[in-house]
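Working notes for the structure below.
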Amino acid sequence: MTRDAAQRKRPSSPEPVPATATTPFPSRQEAVAEALRLDILRGRLGGGARLDIDEIAARHGVSRTPVRDALKQLESEGLVQVLPYRGVEVTALTDDDLRELFAIRIALERLAVAQAALRITEAELDGLRRILRRMDRLKQRDRSWIALNIAFHDAIHAATRWPRLIEMIRIQRTNVERYVRARGSELGIARQQAEHWALVEALARHDPEAAERIIAGHLRQTMDVLCRGSDSGVAG
């Protein structure tokens, strides 16, 4: 068989799966932290929910030590808090909390897109366009749309080549992601997609000022929607 024929017979690569679903974790602590993080992000553990170390340890088949370490990790991300005489609870965010977190995130993301505008390659731009074309085919903000939206923003952050900045943004985004999932349908995907495409165009022109304006408006819109609902039970 010729090399060309072998390549034609080779099955196409499967669609990428989000890393949280397949990535092996090097420690029990990280495995427990990721499981709890997903429970919080997906609303299974709402704001104010009490977390029992013994119950979590039994559920995951581990000792108390990796659970305590996992909770410390989530505390550093702002997802849980340790309260005197009450134990560990999932953090519930107020309007003021959300506005503070978004103000920090907007500052970080403006820096990220400005840096990306200076460094992004044509291959990376093509990757962003492929993601957006897939998002254009979706009619609602479902799990597929959310996963692609995260991949889109992650790809822009990766173009900065600044790993510390990427990690800081990840922590801020993770803290508010549960609220975005709860009220995301109110954002509307048409406007968000238009802003996504405008952002790619600014990056393609290597125009950091335009990219900063677009991402700031994009995130402020999300903040305004979330703050309208945070007092009415969004926190769970």
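The values are calculated or read from the model by the stated rules, or taken from the named source; none is laboratory data. Nothing here was measured: the structure is a model prediction, and the numbers come from that model. Here Cβ is always computed from backbone atoms with ideal geometry, including for glycine, and neighbour counts include all displayed protein chains. Note: accessible area is taken over every heavy atom of the protein model, side chains too, but ligands, DNA and RNA are not part of it. Shrake-Rupley method; radii C 1.70, N 1.55, O 1.52, S 1.80 Å.
Counted by Cβ distance under 13 Å from residue 48, the other residues give a net charge of +2, where Lys and Arg count +1 and Asp and Glu count -1. Residue separation of residue 151 and residue 191 scaled by 0.36 nm, minus their Cα-Cα distance, works out to 12.6 nm of gained length.
Can you list which of the trypsin sites (Lys or Arg not before Pro) found in the stretch 52-149 are DSSP loop residues with at most 16 other C-beta atoms within 10 Å?
Answer by residue number: 86, 137, 139.
FRET efficiency for residue 228 and residue 138, Cβ-Cβ distance as r, R0 = 35 Å, nearest 0.05? Calculated value: 0.90.
For the stretch 18-112, what is the charge dipole size about the Cα centre, in debye to the nearest 20, if Lys and Arg each add +1 at the Cβ and Asp and Glu each add -1 at the Cβ? All intermediate terms of the calculation are to be shown ahead of the outcome.
Values: 13 positive and 15 negative charges, 41 e Å.
That gives the stretch 18-112 a dipole magnitude of about 200 debye.
Computed over protein heavy atoms with a 1.4 Å probe, the carbon and sulfur contribution to the accessible area of the stretch 123-236 reaches 51%.
What number comes out for accessible area per residue over the stretch 85-236 if the probe is 1.4 Å? Units Å², please. Could the numbers behind the result be given before it?
Numbers: 7400 Å² over 152 residues.
I get 49 Å² per residue for the stretch 85-236.
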